[in-house]
Amino acid sequence: MDREALWNQLEEAVVHCNRCNLARSRTNTVLGEGNRQARLMFIGEGPGRNEDLMGRPFVGAAGKLLDKMLEAIDVRREDVYIANIIKCRPPNNRVPKEDEAKICLPYLRRQVYLIKPKIIVCLGATALHYVIDKDARITAVRGNWVERKGYYMMATYHPAALLRDPAKKYEAWEDFKNIRDKLIDIKSAKE
Ligand code: URA
């Protein structure tokens with residue numbers, strides 16, 4: 001099967017997914033979007049209200065902030081891929097339950113397998129816990145690179161956390177500059 005067919009298969013599976021209770025309350029599933037050959041992939045927590053309504057990731061206030069941060073490091077949103085740990089909105093935007101996340105994770109793994117990004121950035125504690133380290137604290141490990149299975153991975157604050165607590169923006173900006181430098185390293189290593 002070619003790549004496009006594999007993506008179609010994944011999209012179909014997610015759109016019709018009924019594996020957990022979140023399927024009952026969702027408006028739309030949110031698989032993710034962006035460049036399917038991206039070097040840089042972001043992983044958030046799960047769709048919020050706007051994302052649920054539009055079927056797209058990071059389109060609300062947190063998404064607008066993410067867009068600005070990308071612009072600040074000269075990265076276009078359409079050049080990266082953006083996904084979430086879970087594909088359906090939890091009621092009242094609560095944190096996904098462990099069983100919901102675990103049921104949904106094979107979809108994310110499939111996305112990572114198909115995209116094969118060089119860099120994976122986890123936005124916030126939920127993505128950190130399910131992708132990098134289930135016991136780590138975001139305040140302790142943010143900004144640190146972990147190299148695993150050929151991927152450079154880092155966690156930074158979720159943009160929604162930055163909206164709640166703007167004092168964290170300085171550290172997040174340091175992390176984004178670090179991401180920009182890693183991208184430059186990877187590009188120059190290829191040339
Ligand atoms: N927050 C997330 O974690 N993901 C989205 O897609 C939107 C907000």
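The values are calculated or read from the model by the stated rules, or taken from the named source; none is laboratory data. Computed from a prediction, not measured in an experiment: that's the story for all the values here. With ideal geometry, Cβ positions are generated from the backbone for all residues, glycine too; neighbour counts draw on all protein chains shown. These accessible areas exclude ligands, DNA and RNA; they are computed on the full protein's heavy atoms, side chains included. Shrake-Rupley method; radii C 1.70, N 1.55, O 1.52, S 1.80 Å.
Below are the figures for this structure:
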{"quantity": "Positive dipole terminus of the chain, leading residue within Ala167, Cys104, Asn178 (C-beta point charges)", "calculated": "Cys104"}
{"quantity": "Probe 1.4 Å, accessible area per residue of the chain, Å²", "calculated": "53"}
{"quantity": "Whole-percent carbon and sulfur share, accessible surface of segment 76-191, 1.4 Å", "calculated": "50"}
{"quantity": "Pairwise FRET efficiency - Lys177 versus Tyr151, Cβ, R0 = 22 Å, nearest 0.05", "calculated": "0.65"}
{"quantity": "Accessible area, probe 1.4 Å, largest first, for residues Thr126, Thr27", "calculated": "Thr27, Thr126"}
{"quantity": "Sequence-distant lysines (8 or more away, or on other chains) whose Cα lies within less than 22 Å of Lys102", "calculated": "Lys87, Lys116, Lys134, Lys149"}
{"quantity": "Candidate residues Ile138, Ile184: accessible-area rank, largest first, probe 1.4 Å", "calculated": "Ile184, Ile138"}
{"quantity": "Accessible area, probe 1.4 Å, largest first, for residues Tyr107, Tyr113", "calculated": "Tyr113, Tyr107"}
{"quantity": "Charge-dipole axis of the chain as Lys and Arg at +1 and Asp and Glu at -1 on Cβ define it, positive-most pick from Gly143, Tyr130, Asn92", "calculated": "Asn92"}
{"quantity": "Test item: Cα-centred dipole of the chain, Lys/Arg +1 and Asp/Glu -1 on Cβ, debye", "calculated": "240"}
{"quantity": "In order through segment 6-13: 3J(HN,Hα) via Karplus (6.51 cos²θ - 1.76 cosθ + 1.60), integer Hz, x for Gly, Pro", "calculated": "5, 5, 4, 4, 5, 4, 4, 4"}
{"quantity": "Note, ³J(HN,Hα) from phi for segment 121-134, Karplus 6.51, -1.76, 1.60, rounded to Hz, x at Gly and Pro", "calculated": "10, 8, 9, x, 5, 5, 5, 3, 5, 8, 10, 10, 7, 5"}
{"quantity": "Percent RCO, i.e. relative contact order, over segment 3-190, from Cα pairs under 8 Å lying at least 6 residues apart", "calculated": "23"}
{"quantity": "Computed accessible area, Cys104, all protein chains, 1.4 angstrom probe, square angstrom", "calculated": "20"}
{"quantity": "Tensor-based shape of the chain (alpha-carbon gyration tensor, a/c under 1.5 rounded, otherwise prolate or oblate)", "calculated": "oblate"}
{"quantity": "Nitroxide proxy distance, nm - points 7 Å out along Cα→Cβ at Ile184 and Met1", "calculated": "4.1"}
{"quantity": "Segment 64-155: trypsin sites (Lys or Arg not before Pro) falling in loop per DSSP and having at most 14 other Cβ within 10 Å", "calculated": "Arg76, Arg94, Lys97, Lys134, Arg137, Lys149"}
{"quantity": "Backbone N under 13 Å from the Lys169 label point (7 Å along Cα→Cβ), restricted to segment 47-66", "calculated": "65-66"}
{"quantity": "Derived scalar couplings ³J(HN,Hα) [segment 36-53; Karplus, 6.51 cos²θ - 1.76 cosθ + 1.60; whole Hz; x for Gly, Pro]", "calculated": "6, 10, 4, 7, 10, 10, 10, 10, x, 8, x, x, x, 4, 5, 5, 4, 6"}
